[in-house]
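Please read the structure below before turning to the comments.
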Amino acid sequence: MKIYINGKFYEKEDAKISVFDHGLLYGDGVFEGIRSYNNIVFRLKEHIDRLYNSAKALMLEIPISKTELESAIIKTLKENNLSDAYIRVVITRGVGDLGLDPKKCSCPTVIIIADKIVLYPQELYQNGMEIVTASTRRNIPEAINPCIKSLNYLNNIFAKIEARRAGCEEAIMLNSEGYVTECTGDNIFVIKDNNLLTPPTYIGALPGITRDTVIDIAKSKLGLNVKEELFTTYHLYSSDECFLTGTAAEVISVVKVDGRTIGDGIPGKYTKLIMTEFKEMTKVLGVKY
Ligand code: PXG
């Protein structure tokens, strides 16, 4: 495995960064999780845009241009001979001293790791998954905006621990007012009649690239009425269908929430159509290499 750090490739054992890097000391940095399918990096430009937007929110200046980063990602994939991959891009504040001050960090660290993807068990895609609501509330946007894909994922990790303790893979996170925001590493959707609902990102959710793709599919291919609006767990429990979206998970059906069966307890008809259409999108949307 060859790992990219600041323009050079290192073997896995030698791919190391300083203990004074503020990415480690303070979670001060941003990242992206990207996938490639059959030598196409899925929606690479959108991922790069989101990364630069996250960095901008942190006043973290990425030391290379978007075009240079795109080339570095492709080079990393080629270097590792991967046609289907999970790509992790990490930008940290860089090496500083033991104080918080980002001004002391002169050069951000750019890391690109390309690896094989680890997926949820196939059984979950066929039969749907069970999830629970976490007691941990999503970070309030006024403190750490969940639109920023920062290296500080403790909020999500708290909820992930709750999910695993409940024997589930994912947990729903509510915002401080009790509205559904997203899951720990996936966006959430519900379907009721002809309506597809997902929370607006400003209430505390990442603007997911998969989410965006699914919204397009639902509007253009399925004629669903897509609404980005607030809803509560009640609306989840009483929905016809529910599913999650994310780079790793793609589109996965949810059939049980907090012990309540959703719809008929099997992946719904629209969810299955969206899963199929999403697969098609991965064959065409992106950057070839
Ligand atoms: N919400 C959050 C909080 C995420 O971290 C998504 C939604 C989905 O966004 P995309 O753009 O991927 O459709 C994410 C991204 C993991 C893992 O190991 C998952 C993500 C990021 C990093 C790791 O499960 N999901």
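The values are calculated or read from the model by the stated rules, or taken from the named source; none is laboratory data. Everything quoted here is computed from the prediction, not taken from an experiment. We place every Cβ from the backbone using ideal geometry, glycine too, and count neighbours over all the protein chains shown. When the accessible area is computed, the model is the full protein with side chains, heavy atoms only, and any ligands, DNA or RNA have been set aside. Shrake-Rupley method; radii C 1.70, N 1.55, O 1.52, S 1.80 Å.
Couple of notes before you dig in:
- Residue selected from region 148-186 under the condition of a type in the set (Ser, Thr, Tyr) and in contact with a helix residue (DSSP H, G or I) (Cβ under 7 Å, 6 or more places away or on another chain), by the criterion nearest to His22 (Cα to Cα): Ser150
- Residues located in region 38-52, provided they are surrounded by fewer than 19 Cβ atoms within 10 Å (Cβ to Cβ), within 14 Å of the ligand (Cβ to nearest atom) and in contact (Cβ under 8 Å) with a residue 60 or more places away in the chain: Lys45, Glu46
- Set Val251, Val214, Val180: member being over 25 Å from Arg164 (Cβ atoms), within 16 Å of the ligand (Cβ to nearest atom) and open to solvent by less than 60 Å² (accessible area, probe 1.4 Å): Val214
- Restricting the first member to region 154-181 and to residues that are of a type in the set (A, V, I, L, M), and the second to residues that are in a helix (DSSP H, G or I), the beta-carbon pairs closer than 7 Å and six or more apart or on different chains are Ala171/Ala159; Ala171/Lys160; Ala171/Glu162; Ala171/Ala163; Met173/Ala159; Val180/Thr233; Val180/Leu236.
- Residues of region 126-150 that are more than 27 Å from Gly27 (Cβ to Cβ) and away from the ligand (no atom under 15 Å from the Cβ): Gln126, Asn127, Gly128, Glu130.
- Hits in region 81-119 - residues which are more than 30 Å from Tyr37 (Cα to Cα), in contact (Cβ under 8 Å) with a residue 12 or more places away in the chain, out of contact with any Asp or Glu (no Cβ under 7 Å at 6 or more places or on another chain) and not polar (S, T, N, Q): Gly96, Asp97, Leu98, Leu100, Cys105, Cys107
- Failed item in (1) under 29 Å from Lys256 (Cα atoms); (2) out of contact with any helix residue (DSSP H, G or I) (no Cβ under 6 Å at 6 or more places or on another chain); (3) among the hydroxyl-bearing types (Ser, Thr, Tyr); (4) in the same structural domain as Thr245 (by TED's automatic domain parsing), with Thr136 passing the rest: (2)
- Selected residue (criterion: nearest to the ligand (Cβ to nearest atom)) from residues of region 151-172 that are in a helix (DSSP H, G or I) and open to solvent by 60 Å² or more (accessible area, probe 1.4 Å): Lys160
- Members of region 193-211 that are touching a Phe, Trp or Tyr at 6+ places or on another chain (Cβ under 9 Å), among the aliphatic types (A, V, I, L, M) and within 10 Å of the ligand (Cβ to nearest atom): Ile209
- In region 219-248, the residues that are polar (S, T, N, Q) and either crowded, with 16+ Cβ neighbours inside 10 Å or touching a strand residue (DSSP E or B) at 6+ places or on another chain (Cβ under 8 Å) (or both): Asn225, Thr232, Thr233, Ser238, Ser239, Thr245, Thr247
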